[in-house]
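The values are calculated or read from the model by the stated rules, or taken from the named source; none is laboratory data. A quick note: this is a predicted structure, and the numbers were derived from the prediction, not measured. Cβ sites come from the backbone with ideal geometry, for glycine too, and all protein chains shown count toward neighbours. In case anyone asks, the SASA skips ligands and DNA or RNA and just uses the protein heavy atoms, side chains included. Shrake-Rupley method; radii C 1.70, N 1.55, O 1.52, S 1.80 Å.
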Amino acid sequence: MKELLAQALRMVGRGGVRSLMTVTVIAVGITSLTGVTTAIDAIDDHLERTYSKLGRGTSIIRSKKGEAFTKREIELFRESYQDKGVMTIIEEISFGESVITDSGESNPVYHIIASDENYISFCDIGICSGRNFTPEESECGKPVCLLPQEITSPVVSVCGRKYHSIGRHTDKEKIIIPYTSVTIADPAIGVRGKDPQEALERIRKECTVTRSDPETTGYSKAMGALSIAAFIIGSVTMLAASINVMNSMLVSVKEQKREIGVMKATGASNRYILRLYLLQPLLLSLAGSLLGVPIGTAGIYLILVTRGIEFHFPLSPIISSIAASVTTALISGYLPAKRAATTEPVEALRSK
């Protein structure tokens, strides 16, 4: 095997520019395939975490005609839904709001959410320190708040009013205040649990229900389409690589026909020749993979980081890409290798 490998390496080296071009084409294909599959995996993971942050498996109910829910309507809904899941009141006060802390004014990056004690459970947000609102604090509009853990100030000024922090949570973007501590124009009802349709019938009001489940938002279909696109891109790049590999090996067999005849005349079996000429595309594909995988991974890493998407080392896409490259090379190289193995020694020695 050692002798076979050494001879295959010598033949690949003699190919010179042809071998280099083959490796380059394979590297481009692997770069494309690794990059696309890594990007799709990262986007999928990012969207999954985004859905979780927004409240995966939840529904947001709003008045359809712009007529805000009354306190009586909210109470009717609460009574009907209390045994079916979590229900909360939500008002998005502002996006990109700055807050004033002990150390000065912050960058305008925070979302101010007016809600009640159930919002934490609704959005599946963890409490890092301190505590959540009590029902009394939610009802009476006490100036307390829940802050991201990065804000250490005990008192912050939000929307022109001072709030005392009673807890820190895991969401880096949201500042949560009691919905009764500010004037809210059009509160929404958020639910996590069973279908709220039965509870909505008690309100007898035309409403819109927005669900955050991936199946209802088209997320699954979109990711399926991206996966199909990745498969098509990968297939095209691998097809181009396979054509190049086959062409390279056919030329190599033709150029080395006399050498094949000499090997056969000195006792080399058809099986040995077949292995020798299958080993060459295998070496070319591995060389292309070693070049393409780092380039594809590094390129996608830079793109994802600049877009604020978390990058995870793409072990599965890398293994899949290398496996696809090796399989393609072996399939493409089999016909030239078979032709070399079945060449008659006399005919090969007569060739120029």
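The 1.4 Å probe gives accessible areas that order Ser98, Ser138, largest first, as Ser98, Ser138. In this structure the amide hydrogen of Cys207, modeled in the peptide plane, comes within under 5 Å of the amide hydrogens of Lys64, none closer than 5 places in sequence on its chain. A Cα-only calculation for the range 139-284 places Rg and Dmax at 34.2, 99 Å.
Using the Cβ-Cβ distance between Thr327 and Ile233 with R0 set to 25 Å, the FRET efficiency from 1/(1 + (r/R0)^6) comes to roughly 0.90. DSSP assigns beta bridges within the chain; of those with both partners inside it, close to 75 percent run antiparallel. Under a 5 Å amide H cut-off, with hydrogens placed 1.01 Å from N, Gly141 pairs with Thr180 among residues at least 5 apart or on other chains.
Modelled this way, with points 7 Å down the Cα-to-C-beta line, the labels at Arg72 and Ser94 are 3.4 nm from one another. Computed from Cα atoms, the angle from the helix 71-81 axis to the main principal axis of the chain rounds to 50 degrees. Rounded to the nearest 10 degrees, the inclination of helix 315-341 to the longest alpha-carbon principal axis of the chain is 20 degrees.
What is the percent carbon and sulfur in the accessible area of the range 5-163, measuring with a 1.4 Å probe over the protein chains and ignoring ligands?
54
The H on the amide N of Ile175, modeled in the peptide plane, is under 5 Å from the matching H of His111, Ile112, Ile113, each at least 5 residues off or on a different chain.
So if we plug the beta-carbon distance of Gln197 and Glu136 into 1/(1 + (r/R0)^6) with R0 = 25 Å, what FRET efficiency do we get, rounded to 0.05?
Approximately 0.20, to the nearest 0.05.
Couplings 3J(HN,Hα) for the range 142-159, derived from phi with the Karplus relation 6.51 cos²θ - 1.76 cosθ + 1.60 (θ = phi - 60°), are 5, x, 10, 8, 10, 10, x, 5, 6, 8, 9, 5, x, 10, 10, 9, 10, 6 Hz, where x marks Gly and Pro. Checking (1) 22.3, 72; (2) 23.2, 94; (3) 32.2, 101 against Rg and Dmax of the Cα atoms in Å calculated from these atoms, the matching label is (3).
Among the listed pairs Lys174/Lys194; Lys84/Lys205; Lys64/Lys162; Lys71/Lys142; Lys65/Lys194, those with a Cα-Cα distance over 23 Å are Lys174/Lys194; Lys64/Lys162; Lys65/Lys194.
The alpha-carbon of Lys264 sits under 21 angstrom from the alpha-carbons of these lysines, leaving out residues fewer than 8 places away in its chain: Lys2, Lys254, Lys338, Lys352. When shorter helices are ignored and each DSSP H run of at least 4 residues is given -39500 (n - 2.57), the per-residue value for the chain at 222 nm works out to -19000 deg cm²/dmol. The calculated Kirkwood hydrodynamic radius for the range 92-159 is 13.0 Å, given to one decimal from all distinct C-alpha pairs. Take the Cα radius of gyration of the range 265-352 and divide it by 2.2 N^0.38 Å, N being the number of residues; the result is 1.64.
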